[in-house]
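Chemist: I have a structure I would like to understand better, so I am pasting it below and will then ask my questions one at a time.
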Amino acid sequence: MNTQMNAHVDANRLGIVGGVMLAGWHAVWVVLHATGQGQRVMDFVFRVHGLESDVVLAPFDAGTAALLLLTTAVTGYVLMAAGGLLWNCLGAVCARSGARVTSRA
């Protein structure tokens, strides 16, 4: 079954979703770091990726944590909004040219 996929997306809404998701993921890290579990998690992640490192977490700092969350929220927003704008532009180009973007279900 072919489905035409020229749907317009709300780039702002997509950006907000991306910002919340990326900042939310980093909020989990902030909680792990603040509760003293960050080093254990980081060591595990390095080990399962086959890496060895002597990296040691710095003491938790709320200001740095807030900056991390703000930076990742803005980055997620910008990347996803740009993706939404690109999606809309490509859809407009396809509509003007008569080309169809299809998906098989």
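Chemist: Got a number for residues in segment 22-58 being under 16 Å from Thr75 (Cβ atoms) and surrounded by 14 or more Cβ atoms within 10 Å (Cβ to Cβ)?
Modeler: Step one: list which residues in segment 22-58 are under 16 Å from Thr75 (Cβ atoms), which gives 22-27, 29-30.
Filter again for surrounded by 14 or more Cβ atoms within 10 Å (Cβ to Cβ), leaving 22-23, 26-27, 29-30.
So the answer is 6.
Chemist: Tell me the residue from Val48, Val55, Val41, Val74 that is out of contact with any His (no Cβ under 7 Å at 6 or more places or on another chain) and within 18 Å of Asn12 (Cβ to Cβ), please.
Modeler: Val74
Rule-based calculations on the coordinates, nothing more; no lab input. Here the structure is a predicted model, which means the values were calculated and not measured. Glycine gets a Cβ as well: all are built from the backbone with ideal geometry, and neighbour counts include every protein chain shown.
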